[in-house]
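Asker: Sharing a structure below in structure tokens format, with a few things to ask.
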Amino acid sequence: MRERRFGRAATLLAAVVATAACGSSHKGDQSPATGIHKIKHVVVIMQENRSFDSYFGTFPGAAGIPMANGTPTVCVPDPRSTSCVKPYPDHADVNSGGPHGANHATIDMNGGRMNGFVKTAVAAQNGCVVEDNPDCAGTSTVDVMGYHTQSDIPNYWKYASDFVLQDHMFEPNASWSLPEHLFQVSGWSADCTEHDNPSSCANTISPSPRPANGKPLALPKRPAGGPIYAWTDLTYLLHKQDVSWGYYVVAGTEPDCQDDAAVSCAPVKQNARTPSIWNPLPFFDTVNANHQRGNVKSVEKFYEAAKNGDLPAVSWVVPSGKVSEHPPSRVSDGVAYTTSLINAVMNGPDWSSTAIFLSWDDWGGFYDHVVPPVVDVNGYGLRVPGLVISPYAKKGYVDHQILSFDAYLKFIEDDFLGGQRLDPATDGRPDPRLTVRENVKILGDLTKDFDFTQAPRPPEPLPVHPQTTLTNGP
């Protein structure tokens, strides 16, 4: 009798071991990872309001500003005169930029002529009443045709030279910060009328940002009085597959205005506990239903996780106004902040298995000469810089593929979700989105920016405050 009981116990123990082994395989198989699965951590760092030509228009080998013998061959009409304005080096640390709502994108692109930039900037300047808004000082100069040189932003050019620069990265929507940020986490921008009812959502390029009084919202059980985001975001799929994520917010002020037509505005406070145009996830019904609001954290937690080797599988990091590079914030402050984030990853235990995607959310009114492709009524928007920084990134590679931030979603889904998409037909929570952006045929493949056969490259931390030729900082 005792022998029989022992046999049953042994059988049960074997079953437990087998189950544990199966769970280990699902969670973290110890067998060597291959290909994209060598990336265990994806970090998306999103800065603000710079076009590709304004930062990398003269980068060797990239599709930069059209030149002949070192002189720009393009010239944009100036409504203040009969002349035009050519792109020119602008070493100012503080820029003005231009308005960047959906209607401004249309005017700037001008049917593919890409020559409306000065027109929209001048109109915004004329419509800015300094007495009513002291922040309007940011519109005192029409500088949208200016571009920064390698000596102005040496760290960004160093990343481009040592890792990967993407010269056909487009904002997913032809509009401003809020719809872009919704696309960044969900592949869509919409307004909804009913909580927990994705079918109540309707496509929009100008979604509701916050209550009409413009004040930041505290977080009760359900953010009251704010917009309803009832469609499916990426965190729904990540949570369902037990994939860790974090959304890290720099405390300070929001880096964009509630009014997408405004160049500047009175600052609105933000932190990890204030849902806003740059922190929309707490408004998503999926995040609330899955009790995931705690994954929205202060940026200090990102630095801690990087130092301790505790980075989640997916991280998004967003700035405050001061370090965002959104005019009139200083370029140098944005470079220092971004470099500190990248250094934190490089100096931490997770560097050898991390991919950092760095980009800028929209063009900010600055000139760019490339006509964006059209994939649906939302975009693509204008071209922005894109960088890939990873121990497996190709060295000094310029990626000419057509890309948008939808490619980040696709990479994350391919790496951690077995290629599952935010697709109403398959994701288990259908919504009426117009396009499954990850499956757009012209969208490039970010894995082509990596060489997964190479030994992981050592970290290359850079000085947070490099010597630059930037001038006129406050």
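Asker: Sort region 271-369 into rounded, prolate or oblate with this rule: let a ≥ b ≥ c be the square roots of the eigenvalues of the Cα gyration tensor; rounded if a/c is under 1.5, and if a/c is not under 1.5, prolate when a/b is larger than b/c, oblate otherwise.
Answerer: On the way: a/c = 1.90, a/b = 1.13, b/c = 1.68.
It is oblate, given that a/c is not under 1.5 and a/b is not larger than b/c.
Asker: Stretched out fully, how many nm does the piece from residue 471 to residue 452 gain, at 0.36 nm a residue minus the Cα gap?
Answerer: Answer, rounded to one decimal: 2.8 nm.
Asker: Sticking with this structure for a sec: How do 77-84, 173-180, 142-149 rank on mean C-beta neighbours within 10 Å, highest first?
Answerer: Highest mean packing first, the order is 173-180, 142-149, 77-84.
Asker: Taking 0.36 nm per residue of sequence separation and subtracting the Cα-Cα distance, how much length would be gained by fully extending the chain between residue 290 and residue 426, in nm to one decimal?
Answerer: Values: separation 136, 0.36 × 136 = 48.96 nm, distance 1.90 nm.
Extra length available between residue 290 and residue 426 comes to 47.1 nm.
Asker: If you take the square roots of the eigenvalues of the alpha-carbon gyration tensor of region 323-474 and sort them as a ≥ b ≥ c, do you get rounded (a/c under 1.5), prolate (a/b over b/c) or oblate?
Answerer: Taking the square roots of the gyration eigenvalues as a ≥ b ≥ c, region 323-474 is oblate.
Asker: Pairs 40/410; 86/441; 119/322; 240/410; 40/301; 297/395: which exceed 23 Å Cα-Cα?
Answerer: From 40/410; 86/441; 119/322; 240/410; 40/301; 297/395, over 23 Å: 86/441; 119/322; 297/395.
Asker: What's the extension gain from residue 80 to residue 110 if we count 0.36 nm per residue and subtract their Cα-Cα distance?
Answerer: Roughly 9.0 nm would be gained on extension.
Asker: Taking R0 as 25 Å, what FRET efficiency do you get between residue 464 and residue 88 from their Cβ-Cβ distance, rounded to the nearest 0.05?
Answerer: Here the calculated transfer efficiency is 0.30.
Asker: Roughly how far apart, in whole Å, are the Cα centres of region 396-457 and region 302-369?
Answerer: Using only Cα atoms to place each centre, the spacing works out to 20 Å.
Asker: Sketch the reach of a paramagnetic label on residue 347 as a point 7 Å from Cα along Cα-to-Cβ, and name the residues of region 289-313 whose backbone nitrogen lies under 16 Å away.
Answerer: 300-310
Only the coordinates and a few stated rules stand behind these numbers; no lab work does. As the structure is a prediction and not an experimental result, all values here were calculated from the model. Note: ideal-geometry Cβ built from the backbone for every residue, glycine included; neighbour counts use all protein chains shown.
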